[in-house]
Amino acid sequence: MAGRFRLAVTTVLFALGGCAGGGSSSPTPAALAMVNAIPDSGGLTARSAGLSDLGPLAFGSAGLDAPVPEGRYTVQLTPGASGSAPFSAGGVDAVDNALTTVVAYGTLAGGVQNALQAQVPAGAPDPGRLRMQPVHAAYQEAHGSYNPFATLYFYFLSPPGAPFTTATPTLTVSFGPAAPPQSLTLPAGTYEIFATPLPECLQGQPCPATGTDPRYYFASGPKGISLPMSDGSDTYQAIVIDAGGTQSGVDGSLMSLVLLGNKGGSVQLFNGQQ
């Protein structure tokens, strides 16, 4: 891919409500998070019986409620945009030893408001390592009129700026719900995160003429993202969402990325970094 692009970062930290009790054999209580991936939502508030409200959450931001009782929840999602109606995400399973995240996606202007859930086991797999779950929730990339792609190839490159000539995709993820098998472990370090539907184009191989269009790619930037984040999370979800704006995307890409940790820290990354 030619060049790197500017990155805009917005960090939102959320405090954990309560703490886990018991000895070392006690399970980690369930955690339930919400990400707003609807660019024209005007903010989004999540409500579920017996739980604290999350929001209003701006586009690209996240909220986390923990600990929560294990169970199956229906989450009502209310956009802040004038005249917009609430919608619901049903069958949201909060379980101990896991982070469950509801990602609201679509566009109000397009008449699409929906949500998917992604669940990943919580807790460091081994000392000095992190758990990472890529999630494809970029509605415009998967369903838009501009050459949609329902599958993304994720790369976690360390050190940042490493060439793609020898790189292989870390995971391949389809648009929609992400289950625990779609997670991996990484050593603590500094990473550049890439997501693309056309990995052969990044590796210098023959590709479709449209494959060189930067709108198809997301790159967090060569300065890198230090993991673990400052909140001490040891489990992360790398959630690709729409960049917002028009079909031209933001900072040259149709995609942005929300990096969410199981201790409540989150950051929205836009394409590139100088």
Within the range 101-115, track down each residue that is at positive phi and in a strand (DSSP E or B). 106
Just one of (1) modelled with pLDDT of 75 or more; (2) part of a loop (DSSP other than H, G, I, E, B); (3) buried (at least 16 other Cβ atoms within 10 Å of the Cβ) trips up residue 193, so point out which. (2)
With the requirement that a residue be modelled with pLDDT of 75 or more, over 19 Å from residue 194 (Cβ atoms) and part of a loop (DSSP other than H, G, I, E, B), what does the range 128-149 give you? 128
If I go through the range 62-86 residue by residue, how many of them are modelled with pLDDT under 95, within 21 Å of residue 119 (Cβ to Cβ) and surrounded by fewer than 22 Cβ atoms within 10 Å (Cβ to Cβ)? 1
Being within 15 Å of residue 87 (Cα to Cα) and under 14 Å from the mean Cα position of the chain (by Cα) is the filter here; which residues of the range 24-50 pass it? 34, 35, 36, 37, 38
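Residues are listed down the side, and each one gets a yes or a no for (1) closer than 20 Å to residue 228 by Cβ; (2) modelled with pLDDT of 85 or more; (3) of a type outside the set (Gly, Ala, Ser); (4) surrounded by 13 or more Cβ atoms within 10 Å (Cβ to Cβ):
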| position | (1), (2), (3), (4) |
| --- | --- |
| 157 | yes, yes, yes, yes |
| 164 | no, no, yes, yes |
| 176 | no, yes, no, yes |
| 181 | no, no, yes, no |
| 201 | no, no, yes, yes |
| 209 | no, no, no, no |
So which pairs qualify, if the first residue must be in the range 95-111 and surrounded by fewer than 17 Cβ atoms within 10 Å (Cβ to Cβ), the second must be polar (S, T, N, Q), the Cβ gap must be under 7 Å, and the two must be at least 6 apart or on different chains? 96/28; 97/28
Hey, residue 12 at pLDDT below 95, over 30 Å from residue 163 (Cβ atoms) and assigned to a strand (DSSP E or B) or not: yes
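The values are calculated or read from the model by the stated rules, or taken from the named source; none is laboratory data. Owing to the predicted nature of the structure, the values given are computational and were not obtained by experimental measurement. We place every Cβ from the backbone using ideal geometry, glycine too, and count neighbours over all the protein chains shown.
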